[in-house]
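The values are calculated or read from the model by the stated rules, or taken from the named source; none is laboratory data. These numbers come from a predicted model, not from an experiment. Ideal geometry is used to build each Cβ from the backbone, glycine not excepted, and the neighbour counts take in all protein chains shown. Surface areas here come from the heavy atoms of the whole protein model, side chains and all, with no ligands, DNA or RNA. Shrake-Rupley method; radii C 1.70, N 1.55, O 1.52, S 1.80 Å.
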Amino acid sequence: DAANNIAKRADIWKIGLKGFLEHPLFGRGTMGYLQIYSRFGGKVNFHCHNLIIDLLLSFGVVGIAPLIVFVARPIVKAFKSRYAPIFFAVLIAVLVHSLVDVTLIWIQTGALAALFISFPYIKEQKND
């Protein structure tokens, strides 16, 4: 049932935020939710079902700062591309989905994300 699923995820998000607030600068390390769920009465889960909370919990503000720079550069560069509407449509879809799940940590979607982030750096060949 959808309401029950949302309530479970909301509990996971609250626990993730509590864990982040204990170590906001450097986080708890990879898979941080597994380290804290039992202390806050949560259910076993591998991640926080929210990319932002999961990254903050695992790596803290200091840890995600380089990631933000790494991801921001292609976004800025994409503005100049003729494919900018497609790039931003996919980016928005990924960001919205990341609010309720963390599929980017899986190898398949992580590899697709890496390809997507490299997209603005692909040069178009000119035909002579």
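How many of the residues making up the range 20-39 are exposed (fewer than 15 other Cβ atoms within 10 Å of the Cβ) and either aromatic (Phe, Trp, Tyr) or touching a strand residue (DSSP E or B) at 6+ places or on another chain (Cβ under 8 Å) (or both)?
Residues in the range 20-39 being exposed (fewer than 15 other Cβ atoms within 10 Å of the Cβ) and either aromatic (Phe, Trp, Tyr) or touching a strand residue (DSSP E or B) at 6+ places or on another chain (Cβ under 8 Å) (or both): 1 in total.
Just to be sure before I move on: is Ala113 small (Gly, Ala, Ser), without any contact (Cβ under 8 Å) to a residue 12 or more places away in the chain, open to solvent by less than 40 Å² (accessible area, probe 1.4 Å) and more than 22 Å from Ala3 (Cα to Cα) in the structure I sent?
No, not satisfied.
Would you mind telling me which numbered condition in (1) out of contact with any Pro (no Cβ under 7 Å at 6 or more places or on another chain); (2) at negative phi Gly27 fails?
Result: Gly27 fails condition (2) only.
Out of everything in the range 14-35 that is hydrophobic (A, V, I, L, M, F, W, C) and more than 22 Å from Ala65 (Cβ to Cβ), what residue ends up being modelled with the highest pLDDT?
Among them, the one singled out is Ile15.
Let's see how each residue does on (1) within 20 Å of the chain's Cα centre (by Cα); (2) over 21 Å from Cys48 (Cβ atoms); (3) hydroxyl-bearing (Ser, Thr, Tyr):
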residue	(1), (2), (3)
Phe79	no, yes, no
Tyr83	no, yes, yes
Val94	yes, no, no
Thr103	yes, no, yes
Ile107	yes, no, no
Ala113	yes, no, no
Ile117	yes, yes, no
Pro120	yes, yes, no
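So how many residues does the range 15-55 have that are of a type in the set (D, E, K, R), in contact (Cβ under 8 Å) with a residue 24 or more places away in the chain and part of a loop (DSSP other than H, G, I, E, B)?
Number satisfying all stated conditions: 2.
When you scan the range 65-81, do you find a residue that is open to solvent by 50 Å² or more (accessible area, probe 1.4 Å), under 30 Å from Lys123 (Cα atoms), touching a Leu at 6+ places or on another chain (Cβ under 8 Å) and among the aliphatic types (A, V, I, L, M), even just one?
Yes: the range 65-81 contains one or more residues that are open to solvent by 50 Å² or more (accessible area, probe 1.4 Å), under 30 Å from Lys123 (Cα atoms), touching a Leu at 6+ places or on another chain (Cβ under 8 Å) and among the aliphatic types (A, V, I, L, M).
Among the numbered conditions (1) open to solvent by less than 40 Å² (accessible area, probe 1.4 Å); (2) closer than 15 Å to Phe116 by Cα; (3) not aromatic (Phe, Trp, Tyr), tell me where Leu51 comes up short.
The single condition Leu51 does not satisfy is (2).
Identify, from the list Tyr37, Tyr33, the residue that is within 23 Å of Asp11 (Cβ to Cβ) and either basic (Lys, Arg) or in contact with a His (Cβ under 7 Å, 6 or more places away or on another chain) (or both).
Tyr33
Checking Ser58 against (1) part of a loop (DSSP other than H, G, I, E, B); (2) of a type in the set (Ser, Thr, Tyr); (3) open to solvent by less than 60 Å² (accessible area, probe 1.4 Å), which test does it fail?
That leaves (1) as the condition not met.
Say whether the condition of being at pLDDT 85 or above, outside any helix (DSSP H, G or I) and out of contact with any Ser or Thr (no Cβ under 7 Å at 6 or more places or on another chain) is met by at least one residue in the range 81-98.
No, the conditions are met nowhere in the range 81-98.
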